[in-house]
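Below you'll find the structure, written out as structure tokens, and then a few comments.
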Amino acid sequence: MRMKEGFLWGGATAANQYEGAWNVDGKGASVPDHMRGGDINTPRQIDAEFDPDALYPSWEATDFYHHYEEDIALFAEMGWNVFRMSINWTRIFPTGMEEEPNEAGLAFYDKVFDCCAAHGIKPLVTISHYELPYALVEKYDGWLSRDLIDLFFRYGKTVLDRFHSKVEYFLTFNEINIGLMNMGAPLSTGLIKGFTGTMAQVDRTATERFQAVHHMFVASAKLIKYAHDNYPEVKMGNMIAFIPTYALTCDPADVLANQANMRQMDWYCSDVQVRGHYPYYAKRMWEEQGIELNITAEDEKILSEGIIDFYTFSYYQTNTVTTHPDAEQMQGNMTMGGKNPYLEASDWGWQIDPTGLRIFLNEIADRYDNIPLMVVENGLGAFDEVVVEDGVERIHDPYRIDYLRKHVRDMGEAVADGVNLIGYTWWGPIDVVSAGTGEMRKRYGFIYVDKHDDGTGDLHRARKDSFFYYQKLIKSNGEDLD
């Protein structure tokens, strides 16, 4: 099945996992710069003070900062017409509190966007993708403080004023709903003032987590209204970590538990950002969890005025929900969930469910009057082996091709169903540092980067088999899946 004419094909990255150059040209330290690497069994360590003997994988990452021309040329070779990337807040405002931006940081992104334009690629820019300035953690305890609303607005306004003629599509916050979880404290909301320990040890109250996300809602809406008032040609979107679940059994208690989980995990944040107000079920959710929020009348006005233009989300897997305590659990993207006996799992235990993508594309479209949708993260982290054949490095990754084929197939089915899907960006199209584990060996890319978990590697790039498959798929606009 072919996608609609003008469909946006590309890939997605995040500055803190890809860009490197962590202290170059005036850039300040962000939260990820304080995070060590881990693995599937070892949670990432967060250091309030840098340890000179520790390895911080975001410091170099895979060095897009010094390889952007080479990398964008490779993206163009695949046939991309869109590149989802993020701007690093601390490259523009090193502490987040400066009155004036860092011109060297702005100039870098000018060069990146100009390079994209030269290759016929549209940037899709996430303004804040898990890279909160660490200075805002130290002073304000991150997004728990209302002060961050205006600090973010100054940053976002600077980005829009500078780049509105070069960027058509912006997203305000990456996976904003992850901030509702303890896992989101180091990644998203920055609720880690004075904290040293593992990501798994972060423990903030539900009120603190939900209040922090409320401040992000207001900041997002305030910036969206500014964009609509000043740059009507620009489209502003949200970004949700869509981690859908099924009831494990037909026990009505499981169905109710799954409904509650979907509301909190997948619908709560987008209901606010699409509709401009909190959903009807929020009050009971807050009461049952002892959540008390400070929401002002001015906040409510701003939320109603800053509605998104298009909806984007990440999709890697599905889980199950049950009230039965003996159910087997599975690892997932930022979550745990019940094992689904009908699905296979990746090397990291994530359950692979391409049909679920079709199901939930339809669910999102139903809920939000067929708003324009983009799948802006989807991918498979796996162990890749480099072999030398006829003197050339080869990476044979049929597992990644199979994952891509099946998910694009079901996206095509959703489009045939009538879903208004306008774009798809594979996550980590070039190998990047994993956000959850800080690993390099958990590779998603169509392009291999010679970088390893111990920090070694010369950073050279090599095309995997999946590179050529995606190239062919894009050329056929999703039709040639063989």
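Go through the stretch 28-61 and give me each residue that's assigned to a strand (DSSP E or B) and acidic (Asp, Glu).
39
Which residues, taken from the stretch 129-149, are assigned to a helix (DSSP H, G or I) and either surrounded by 22 or more Cβ atoms within 10 Å (Cβ to Cβ) or in contact with a helix residue (DSSP H, G or I) (Cβ under 8 Å, 6 or more places away or on another chain) (or both)? Explain how you work it out, then say what you get.
To start, the set of residues in the stretch 129-149 that are assigned to a helix (DSSP H, G or I) comprises 134-140, 142-144, 147-149.
Listed by number, the residues that qualify are 134, 136, 137, 140, 142, 143, 144, 147, 148, 149.
Name the one entry in 152, 170, 163 that is of a type in the set (Phe, Trp, Tyr) and touching a Phe, Trp or Tyr at 6+ places or on another chain (Cβ under 7 Å).
When all the criteria are applied, what remains is 163.
Working only within the stretch 203-223, note down all residues that are touching a helix residue (DSSP H, G or I) at 6+ places or on another chain (Cβ under 8 Å), in contact (Cβ under 8 Å) with a residue 24 or more places away in the chain and either hydrophobic (A, V, I, L, M, F, W, C) or more than 18 Å from residue 151 (Cα to Cα) (or both).
Start the filter on the stretch 203-223 by keeping residues that are touching a helix residue (DSSP H, G or I) at 6+ places or on another chain (Cβ under 8 Å), which leaves 204, 208-223.
Next cut, in contact (Cβ under 8 Å) with a residue 24 or more places away in the chain only: 208-223.
Residues satisfying the conditions are 208, 209, 210, 212, 213, 216, 217, 218, 219, 221, 223.
For the subset of the stretch 390-410 comprising residues that are more than 22 Å from the chain's Cα centre (by Cα) and modelled with pLDDT of 95 or more, which member is surrounded by the fewest Cβ atoms within 10 Å (Cβ to Cβ)?
Residue satisfying both the conditions and the ranking: 398.
Just need a number here: residues in the stretch 93-119 that are β-branched (Val, Ile, Thr) and touching a residue at least 60 places away in the same chain (Cβ under 8 Å). Give the steps one after another, and end with the answer.
Within the stretch 93-119, the subset β-branched (Val, Ile, Thr) is 95, 112.
Subset that is touching a residue at least 60 places away in the same chain (Cβ under 8 Å): 95.
Result for the stretch 93-119: 1.
Name every residue in the stretch 168-191 that is surrounded by fewer than 24 Cβ atoms within 10 Å (Cβ to Cβ) and either aromatic (Phe, Trp, Tyr) or in a loop (DSSP other than H, G, I, E, B) (or both), in order of residue number.
168, 169, 181, 182, 183
Out of (1) outside any loop (DSSP other than H, G, I, E, B); (2) over 18 Å from residue 171 (Cβ atoms); (3) in contact with a Lys or Arg (Cβ under 9 Å, 6 or more places away or on another chain), the odd one out for residue 126 is which?
For residue 126, the exception is condition (2).
Which of the residues that make up the stretch 76-104 are surrounded by fewer than 22 Cβ atoms within 10 Å (Cβ to Cβ) and either within 21 Å of the chain's Cα centre (by Cα) or within 23 Å of residue 457 (Cβ to Cβ) (or both)?
Selection gives 77, 81.
Among 258, 294, which is the only one that is more than 26 Å from the chain's Cα centre (by Cα) and over 12 Å from residue 180 (Cβ atoms)?
Numbers: 258 fails: more than 26 Å from the chain's Cα centre (by Cα).
Result: 294 is the single residue among 258, 294 that is more than 26 Å from the chain's Cα centre (by Cα) and over 12 Å from residue 180 (Cβ atoms).
The values are calculated or read from the model by the stated rules, or taken from the named source; none is laboratory data. Small disclaimer: the values here were computed from a predicted structure and weren't measured. Neighbour counts are summed over all protein chains in view; Cβ atoms, including those assigned to glycine, are modelled from backbone coordinates with ideal geometry.
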